[in-house]
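Everything on this sheet refers to the single structure shown next.
What follows is calculated from the coordinates using simple rules that are stated; it is not laboratory data. Predicted model, so just to flag it, every value in this text is computed and none were measured. Using ideal geometry, Cβ is built from the backbone for each residue, glycine included, and neighbour counts are taken over all protein chains shown.
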Number of protein chains: 2
Amino acid sequence: MKIDPNSSADLSAQIAQAIKDAIVSGDLIVDQRLPSEAELSDQFQVSRPTVREALKRLAAQSLIRTQRGATGGAFVNRLSFEEAYSQQITTSTLLLSMNSVSFDTACEARYALERACAPLSALRRTPDQLATMRAEIFRQAQPSLTDEAFCASDVAFHRALVDGAANPVLSYQLAGSVEAMQPLMNMITFSARSREKIISLHSQIADAIEAGDGEAATLGLKDLESETRSLAASVFAARAAQK
Amino acid sequence: MKIDPNSSADLSAQIAQAIKDAIVSGDLIVDQRLPSEAELSDQFQVSRPTVREALKRLAAQSLIRTQRGATGGAFVNRLSFEEAYSQQITTSTLLLSMNSVSFDTACEARYALERACAPLSALRRTPDQLATMRAEIFRQAQPSLTDEAFCASDVAFHRALVDGAANPVLSYQLAGSVEAMQPLMNMITFSARSREKIISLHSQIADAIEAGDGEAATLGLKDLESETRSLAASVFAARAAQK
DNA sequence: AATTTTTTATTTGTCTGACATTTAAAAGTC
DNA sequence: GACTTTTAAATGTCAGACAAATAAAAAATT
């Protein structure tokens, strides 16, 4: 692992990259201890604060964890699915909000991916996951529910559907799509009638999942997508007309 | 934005989180300049090195960029799709390698998601993207190609297919699935016969995409998935028997 | 007056050295 | 042997300094 002191890039960035490469390539394995900050500053011929900045960069990506004390130090961190989920959600959310991605684009991506999970979920969902879907449908039917809570329940419903596929990699990928849509969905006001329609489609999907009928679930999701998009279109149109 | 000096968490982590929250919530908008390091250390009542560690954490996530000089400072960074892609690929790769995700699980997720793109790609792919797919198929037919180069070409083929959907959010999500599979695929040796089969399926898929037949493309991907999985199974079985 | 050059102020990047805090192992004590 | 104390090693934090980059302001030149 070498760095170039004459490079234009920050030393801390170079050091972080060098260590990151070692982790990704497998030179450093999970739970392996890195040299102490003092040793690293010797190796790279930089000061300790610079090494520390590099280590903080890695810690921010959950690539390492640090521990104080006699046997402490920086250790290569096992990237857990949970950590990856939350990173994914943050990144997706920012990506959508900062690049003014249209509702349609985000919606299309989300439902395309979700339909990919439906057949698997129809085969593998646990009774518990099905129960969660039913419970969320019930919750959605409460008229006292705010629009935000309705959206949150919607996310929980779809999360259960996706998790039903029993494929953690799929769940990880979908987490971003589903959750990052929530801020966009929150911009929509749900009338009693539109809620009714959505709930009915949710029931239809849950029925298909319960029956193990992946095709029917996929069709239900297709309907839900067009319903969501037309609903959003009318809300946005109404808002534009108001101006 | 406040931090708790008595918390167990590192001060730099708390400060980074506070600023991150401000960015995600929209309190800080793209290209907005953060206070200088000196001002931040005043505000948070910590030393400058601590502030710097916090800023490096944010820089590692591409949330800010820094600039030296009189009008320099730290600025909220627009998270570009390119940056998000590469983050996504790194995270997915590590997730798979560190959690010993099975080939089947990764493969299933990858093809499930890719099938979701196929119908859209059949409708929208540009001539250029189709040409890329054809070119990669041609490359794959060269017998001199190493197994690694064959895999790389495979990734390029599928990348073109996914990009054909003309939905950047989909492309972003798929980038992880497709590219993170490559290290797993690289563990497989491709015999002349298995290459022939894969190339034929690729052609079939490209034909379907060219004809605008999403359903046929989806079926081709299904076949490709089972072919890939049975190929992997036999390679792994042979390797196990050799021991 | 316009242009070029020089100066200056501001900000990040890096270094040195120090002390605080945490933690586990070693040493000491009963 | 079990418990307590000490010690050493590591990260976390701080203070102050200088280097380097950069743009604006000031000065010099044409």
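Each Lys or Arg adds one and each Asp or Glu takes one away; over the other residues whose Cβ falls under 10 Å from the Cβ of residue A:36, this sums to -1.
Between residue B:148 and residue B:75, the simple label model (points 7 Å from Cα in the Cβ direction) yields a spacing of 3.9 nm.
So, in Å, what gap is there between the alpha-carbon centers of region A:88-124 and region B:133-151? The two parts, judged by their Cα centres, are 32 Å apart.
Kindly identify region A:112-154 as rounded, prolate or oblate by the Cα gyration tensor criterion: order the square roots of the eigenvalues as a ≥ b ≥ c, call it rounded if a/c is under 1.5, otherwise compare a/b with b/c, prolate if a/b is larger, else oblate. Each step should come with its number before you reach the end.
On the way: a/c = 4.07, a/b = 1.76, b/c = 2.32.
Verdict is oblate for region A:112-154.
Compute the Cα gyration tensor for the protein assembly as shown, then decide on rounded, prolate or oblate, letting a ≥ b ≥ c be the square roots of its eigenvalues: rounded whenever a/c is under 1.5, prolate when a/b is larger than b/c in the other cases, and oblate in all that remain. Cα axes put the protein assembly as shown in the oblate bin. Computed about the Cα centre, the dipole magnitude for region B:11-76 is approximately 280 debye when only Lys and Arg (+1) and Asp and Glu (-1) carry charge, each at its Cβ. Which of the three applies to region B:81-242, rounded, prolate or oblate, going by the alpha-carbon gyration tensor with a ≥ b ≥ c and a/c under 1.5 meaning rounded? Since a/c reaches 1.5 but b/c is at least a/b, the shape of region B:81-242 is classed as oblate. Rounded to the nearest 20 debye, the dipole size of region A:173-243 about its Cα centre is 620 debye, using +1 on the Cβ of Lys and Arg and -1 on the Cβ of Asp and Glu. The magnitude of the dipole of chain A, with charges of +1 and -1 set on the Cβ of Lys/Arg and Asp/Glu and taken from the Cα centre, is near 420 debye.
Between amide H atoms placed 1.01 Å from N, distances below 5 Å from residue B:64 occur with B:59, B:77, all of them 5 or more places distant or on a separate chain. When residue A:17 is represented by a point 7 angstrom out along its Cα-to-C-beta vector, the spacings to that point in the other copies are 3.0 nm, nearest first. Taking label positions 7 Å along the Cα-Cβ direction at both residue B:45 and residue B:189, the computed distance is 6.7 nm, reported to one decimal.
Rounded to the nearest Hz, the phi-derived 3J(HN,Hα) couplings of region A:153-165 under the Karplus curve 6.51 cos²θ - 1.76 cosθ + 1.60 (θ = phi - 60°) are 5, 4, 4, 4, 4, 5, 4, 5, 4, 5, 4, x, 5, where x marks glycine and proline.
Compute the distance from the alpha-carbon center of region A:179-233 to that of region B:222-238, in whole Å. What the calculation gives is 36 Å, centre to centre. With label points defined 7 Å past Cα in the direction of Cβ, position residue B:35 shows copy-to-copy spacings of 3.8 nm, given to one decimal and shortest first. Footprinting exposure proxy ranking of A:191, A:203, fewest other C-beta atoms within 10 angstrom first, gives A:191, A:203.
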